[in-house]
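See structure below.
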Amino acid sequence: MPAAFEVKNGRSAFFRPSSLLADVARSQLLDNATRAAFFSALDTVQSDFEHHRVLTALTGRSDLAPETAAAMLASGAAVDSDFEAASFLLELVKRQSIEGNLRAPFFRAVDSISSSFERGRVLQAVAKRADASPETLLAVLRAASSMGSDFEISQVLVAVASNHTVEGPAREAYIDVSEKLGDFEHGRTLSALEKSERRK
C-alpha cells in the first residue's frame with residue numbers, strides 16, 4: 001500500500017501506511033465491503049510495533065462486528081513479536097468478552113506466542129475475567145500446558161483457581177497440568193485449587 005498524503009489546516013502531512021490504517025480504524029466502521037481490503041493492507045505492514053498500533057486502534061471501537069474481531073485476531077496471530085502480540089491480546093481482553101465465536105480465533109492467536117512469560121500474562125488476564133466460561137477456562141488450561149516454564153504455568157493455574165470454581169473437564173485438565181510441575185509449583189497449584197473448592 002503506498003504512502004498517502006492528507007491535507008490538514010492547509011498543510012500536507014506525510015502518512016505511513018500504518019498511520020493511515022490507524023486513522024481508518026478509528027474513524028470508519030469496517031463492514032463486508034471494506035474489511036478484506038483493510039486487513040490485506042495491514043498484512044503489508046512489516047513492523048510488528050506498527051501492526052500492533054493499528055490493531056489497538058480497532059480495539060478502541062465499541063461497535064466491532066464479530067467478523068472484524070475475528071479478523072483482528074487472525075491478523076494478531078501473524079505478528080512475530082511475542083511482546084506485541086501479547087500486548088494486543090491483553091488490550092482486547094480488557095475491552096470485550098472472548099466468549100462464543102471469538103474463543104477459537106483468540107486461542108489460535110495465543111498459540112502463536114512462544115514466550116512463556118508473554119503467553120502467561122495473556123492467559124492470566126483471561127482467567128481474571130468474571131465472565132470466563134468453563135469452556136474458556138479449559139482453553140486457558142490447555143494453552144498453559146504447553147508453556148516451558150513451571151513458574152509461569154503455575155501463575156496461570158493459580159489465577160484460574162483464585163477467580164473461578166474449577167469443575168468438570170476444567171478441573172481434570174487443571175490437575176493434569178499441575179501434576180507435570182515440579183514439587184513446589186505442584187503443591188502451590190493444588191493449594192489454590194483446594195482454597196477454590198472451599199469457597200463453594
Q | Verdict on E135 being part of a helix (DSSP H, G or I) and more than 27 Å from L73 (Cα to Cα) | A | no
(Q) Of everything in the range 1-57, what is in contact with a helix residue (DSSP H, G or I) (Cβ under 8 Å, 6 or more places away or on another chain), in a loop (DSSP other than H, G, I, E, B), surrounded by fewer than 17 Cβ atoms within 10 Å (Cβ to Cβ) and modelled with pLDDT of 80 or more? Give them in sequence order. (A) N32, D43, T44, S47
Q) Among the residues of the range 151-200, which ones are among the acidic types (D, E), in a helix (DSSP H, G or I) and surrounded by fewer than 17 Cβ atoms within 10 Å (Cβ to Cβ)? A) E172, D176, D183, E194, E197
Q: Report the residue count in the range 72-92 for those that are part of a helix (DSSP H, G or I), among the aliphatic types (A, V, I, L, M) and crowded, with 21+ Cβ neighbours inside 10 Å.
A: 6
Q. If you take the residues in the range 108-120 that are within 13 Å of the chain's Cα centre (by Cα) and assigned to a helix (DSSP H, G or I), which one is surrounded by the most Cβ atoms within 10 Å (Cβ to Cβ)?
A. R119
Q: Could you list all residues from the range 25-71 that are within 23 Å of V110 (Cα to Cα) and among the hydroxyl-bearing types (S, T, Y)?
A: S40, T44, S47, T56, T59, S62, T68
(Q) Out of everything in the range 69-94 that is of a type in the set (D, E) and within 17 Å of T44 (Cβ to Cβ), what residue ends up being farthest from the chain's Cα centre (by Cα)? (A) D80
Q: Kindly provide the set of residues from the range 80-111 that are of a type outside the set (G, A, S), farther than 17 Å from A143 by Cβ and at pLDDT 90 or above, ordered by number.
A: D80, F83, E84, E91, K94, N101
**Q.** Among the candidates L102, L123, L138, residue that is over 14 Å from V156 (Cβ atoms) and either surrounded by fewer than 23 Cβ atoms within 10 Å (Cβ to Cβ) or not hydroxyl-bearing (S, T, Y) (or both)
**A.** L102
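The values are calculated or read from the model by the stated rules, or taken from the named source; none is laboratory data. Keep in mind the model is a prediction, meaning the values are calculated, not measured. For neighbour counting, all protein chains shown are included, and Cβ atoms are generated from backbone atoms with ideal geometry for every residue, glycine included.
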